[in-house]
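The values are calculated or read from the model by the stated rules, or taken from the named source; none is laboratory data. Note that the coordinates shown come from a computational prediction; the quantities given were computed from them, not determined experimentally. Virtual Cβ from ideal backbone geometry, glycine too; neighbours counted across all protein chains shown.
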Amino acid sequence: MNDLQTITLGGGCFWCTEAVFVKVRGVTDVESGYSNGRVERPSYEQVCTGQTGHNEVVKLTYDPADITLREILEIFFVIHDPTSLNRQGNDAGTQYRSGIYYSTAEQKQVADDMIRQMSQDKLFGTPIVTEVLPLANYWSAEAYHQDYFENNPNQGYCAFVVGPKVEKFRKTFAARVED
């Protein structure tokens, strides 16, 4: 059995990204949090000001024997817009930037190779702005943010923004859905 690995992804609001990846076969744990900012142990309120430099992220633990990093990143690039700088839909600010935060040189290489290939293929029609950086200053989000969609499926944002992203994932990656 391979050792589990982690990768941290920023794809806009962490409620959306988490809600998808908890359904991905091969992903064993998903935690919402904040990374790559300047403040130690930031709160949600601090991050929302845009002044800490943190990004809303999900830290994924996955089994590379069941899912590759490339497959994870394929899902990531479908469920968010990697061409919008500091925004996803109506969510605007540096805390919603597209980012891949790696912990190994191999993860960086996979991310860089994918972005290079998608850019060459003009897959999105506009430049990809996803930052690829080493994971830094990660802090877990408050307990009420964890499993937010699962715990609040009828909340307005969840019903109209998160739910459609989960459905898009289910339709596009049916073979990867774990219920």
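Scanning region 108-120 for residues that are under 19 Å from L69 (Cβ atoms) and of a type outside the set (A, V, I, L, M) yields K108, Q109, D112, D113, R116, Q117, S119.
Checked against the criterion of being closer than 22 Å to Y34 by Cβ, of a type outside the set (K, R) and surrounded by fewer than 13 Cβ atoms within 10 Å (Cβ to Cβ), the candidates N86, N90 yield just one match: N90. Scanning region 9-51 for residues that are of a type in the set (S, T, Y), in a loop (DSSP other than H, G, I, E, B) and farther than 13 Å from S140 by Cα gives a single hit, T49. Here region 121-179 is the region considered, the condition is being in a loop (DSSP other than H, G, I, E, B) and hydroxyl-bearing (S, T, Y), and the residue that is surrounded by the fewest Cβ atoms within 10 Å (Cβ to Cβ) is T126. All of (1) free of Cβ contacts under 8 Å to residues at least 40 places away in the same chain; (2) in a loop (DSSP other than H, G, I, E, B); (3) among the aliphatic types (A, V, I, L, M) hold for I67 with one exception: (1). Within the set G37, G53, G26, the sole residue that is in contact with an Asp or Glu (Cβ under 6 Å, 6 or more places away or on another chain), under 26 Å from A105 (Cβ atoms) and surrounded by fewer than 22 Cβ atoms within 10 Å (Cβ to Cβ) turns out to be G26.
Restricting to region 88-112, name every residue that is closer than 13 Å to F77 by Cβ and of a type in the set (A, V, I, L, M). Of everything in region 88-112, those that are closer than 13 Å to F77 by Cβ and of a type in the set (A, V, I, L, M) turn out to be I100, V110, A111. At pLDDT 95 or above, touching a strand residue (DSSP E or B) at 6+ places or on another chain (Cβ under 7 Å) and more than 22 Å from V20 (Cα to Cα): does that describe D63? No.
Contact map, region 131-155: residues that are in contact (Cβ under 8 Å) with a residue 24 or more places away in the chain paired with residues that are among the charged types (D, E, K, R) and exposed (fewer than 13 other Cβ atoms within 10 Å of the Cβ), Cβ distance under 6 Å, separation 6+ or inter-chain. Pairs shown: W139/R41. Somewhere in region 79-89, is a residue in a strand (DSSP E or B) and over 27 Å from E178 (Cα atoms)? Yes, some residue in region 79-89 is in a strand (DSSP E or B) and over 27 Å from E178 (Cα atoms). In this entry, T49 passes the filter for residues that are free of Cβ contacts under 8 Å to residues at least 60 places away in the same chain and closer than 21 Å to S84 by Cβ. Just one of the listed residues (D121, D91, D112) is in contact with a Gly (Cβ under 9 Å, 6 or more places away or on another chain) and not β-branched (V, I, T), namely D91. Here the condition is being of a type in the set (G, A, S) and closer than 21 Å to S43 by Cα; of S98, S119, S103, it holds for S98 alone.
With respect to the conditions (1) more than 10 Å from the chain's Cα centre (by Cα); (2) modelled with pLDDT under 95, C16 falls short on a single one, namely (1).
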